[in-house]
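J.: Please find one structure pasted underneath; my questions will follow.
The values are calculated or read from the model by the stated rules, or taken from the named source; none is laboratory data. This one's a predicted model, so the numbers in the text were calculated from it and none came from an experiment. A quick note on method: Cβ atoms are made from the backbone with ideal geometry, for glycine too, and the neighbour counts reach across all protein chains shown. In case anyone asks, the SASA skips ligands and DNA or RNA and just uses the protein heavy atoms, side chains included. Shrake-Rupley method; radii C 1.70, N 1.55, O 1.52, S 1.80 Å.
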Amino acid sequence: MIPIAKPFLGEDEKAAVLDVLLSGMLSQGAKVKEFEESFASFVGTKYAVATSNGTTALHAALLAHGICSGDEVITTPFTFIATANAITMTGAKPVFVDIEENTFNLNPNLLEAAITEKTKAILPVHLFGRSADMKKIQEIAEKHNLLVIEDACQAHGAATNNQNINPNTNQKVGSFGTACFSFYPTKNMTTGEGGIITTDNFAIAENLRKIISHGSSQRYYHDFVGYNYRMTDLAAAIGIVQLKKLNYFNLQRKQNAQYLNEQLRTIKGIKVPENVSGHVFHQYTIIITPDFGYTRDQVKSFLTEKGIGSSVFYPLPIHQQKAYESYNNQSFPVTEKLSQQVLSLPVHPLLNGEDLQKIVNAIKELSY
Ligand SMILES: *Cc1c(COP(=O)(O)O)cnc(C)c1O
């Protein structure tokens, strides 16, 4: 079976973990500090605060900016549930805005209509490794005096796509304000479970360190009721090694996507993702339209029979989830249509030429 995702781990990670194990210092310590510094420098921010996972990173980031009950935060309904849950966990209300069909990201043209006097922040998600339209989102945020907090959990190393202006001006996601990443094993890089928040704001970084450690900056003295959302040195040791390989991982993903695009783009009824600069292909997601002749679910079953893993991100938009019952009467037509038509194919860096050929052949076989 060709898996849809596979963490790329080697001897270096093994040795790094062993070092920490043998040191006997398993909880937060020097490795976390080193990882935070290297991740901040990679993204281009002054500070980074590591957490136990991407969800706790999002929750802490919202709290650090004072988001609470009575506030509204605008986000996309076409994302992993954690994006909305982190907002809900603060007591604030997620407000959904539909996505763009060709990017799967928040449609900036629909943002202003969703802003109310309760709106405090916009939370764009860089879905599948492609940057949201940060330029337009920032313009709207500035005009209405709103915070922007990025969910970059799928976009380590991704950058904006200003190629029509000047590719050298592309800015890395995670560097626009306050941003959150996840290091779950399926992401572009992993620490097992883990997360991190990047920011240029010293006060926010200091507040975050307290929030993730029981409201404390000095042991056993607590300024407020916080959480234990800390990363361990074991996880950070893996992260330090993985971060060094991230550019290589992303290049492999991009090349795999390029190959799949060349092979699949001419097939009737299939829309391939745009390989824009800055896209790091956390997922390679095609749209299977009715013209293809088989439904998305039929294609998925066929691929399974052929030993090819594939996945639907996401089969049920957040506003249609039981957990968000009070949103069930709302409608986001692009999200709803795409949730029926998207299929993510393997794109991870451990695929070889034979795997890629097999994926292409299987889809071509169905298209005849
Ligand atoms: C993975 C992910 C998260 C949550 O990260 P965890 O580390 O699994 O808690 C949040 N948002 C998005 C878009 C994700 O893909």
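J.: What share of Cα pairs, in percent, lie more than 21 angstrom apart in the range 153-279? Don't skip to the answer; put the middle values down first.
T.: On the way: 4468 of 8001 pairs.
In whole percent, the long-distance tail amounts to 56.
J.: On a C-alpha basis, how far is the centre of the range 303-330 from the centre of the range 52-126 in Å? Whole number, if you could?
T.: Answer, in whole Å: 19.
J.: List the relative contact order of the chain as a percent without decimals, with contacts defined as Cα pairs under 8 Å and 6+ residues apart.
T.: Rounded, it is 22 percent for the chain.
J.: Rounded, prolate or oblate: pick one for the chain, where a ≥ b ≥ c are the square roots of the eigenvalues of its C-alpha gyration tensor, a/c under 1.5 means rounded, and failing that, prolate if a/b is larger than b/c, else oblate.
T.: oblate
J.: Around F302, what is the net charge, scoring Lys/Arg as +1 and Asp/Glu as -1 over all other residues with Cβ under 14 Å from its Cβ? Please list the in-between numbers first.
T.: On the way: positive: R296, K300, K306, K358, K364; negative: D297, E305, E365.
Result for the local shell: +2.
J.: Once you have the alpha carbon radius of gyration of the range 226-368, what is it after dividing by 2.2 N^0.38 Å, with N set to its residue count?
T.: 1.25
J.: Moving on. Given the Cα-Cα distance of K33 and Y368 and 0.36 nm per residue of separation, how much length would full extension add, in nm?
T.: Using 0.36 nm per residue and subtracting the Cα-Cα distance, I get 115.1 nm.
J.: Ignoring any ligand, DNA or RNA, what whole percent of the accessible area of the chain comes from carbon and sulfur when the probe is 1.4 angstrom?
T.: That fraction is 52 percent.
J.: Cross-link list K120/K187; K6/K245; K93/K120: which exceed 20 angstrom alpha carbon to alpha carbon? Please list the in-between numbers first.
T.: Numbers: K120/K187 29 Å; K6/K245 15 Å; K93/K120 10 Å.
Among K120/K187; K6/K245; K93/K120, the Cα-Cα distance tops 20 Å for K120/K187.
J.: Using per-residue counts of other Cβ atoms within 10 Å, averaged over each peptide, order 47-53, 92-98 from highest down.
T.: The packing order, highest mean first, is 47-53, 92-98.
J.: Quick one: accessible area per residue over the chain, 1.4 Å probe, rounded to a whole number of Å²?
T.: I get 44 Å² per residue for the chain.
J.: Pick from G215, G353, G174 the residue whose mean-square fluctuation is largest in a GNM of the chain, springs joining Cα atoms under 10 Å.
T.: Judging by the Gaussian network model, the answer is G353.
J.: Rounded, prolate or oblate, given the Cα gyration tensor of the range 51-198, with a/c below 1.5 counting as rounded?
T.: oblate
J.: Semi-axes of the equivalent ellipsoid of the range 70-130: what are they in whole Å, largest first, if each equals the square root of 5 times a C-alpha gyration tensor eigenvalue?
T.: Sorted largest first and rounded, they come to 19, 14, 7 Å.
J.: Take Y220 and E305, extend 7 Å from each Cα along the Cα→Cβ direction, and tell me the distance between the two endpoints in nm.
T.: A separation of 6.7 nm, rounded to one decimal place.
J.: Calculate, for A114 and N145, the FRET efficiency according to 1/(1 + (r/R0)^6) with r their C-beta to C-beta distance and R0 25 Å; round to the nearest 0.05. Provide the component values of the computation, followed by the final result.
T.: Values: r = 15 Å, r/R0 = 0.61.
E between A114 and N145, to the nearest 0.05, is 0.95.
J.: Taking a ≥ b ≥ c as the square roots of the Cα gyration tensor eigenvalues, with a/c under 1.5 meaning rounded and otherwise prolate when a/b beats b/c, else oblate, which class fits the range 1-134?
T.: On the way: a/c = 2.50, a/b = 1.67, b/c = 1.49.
It comes out prolate by the Cα gyration axes.
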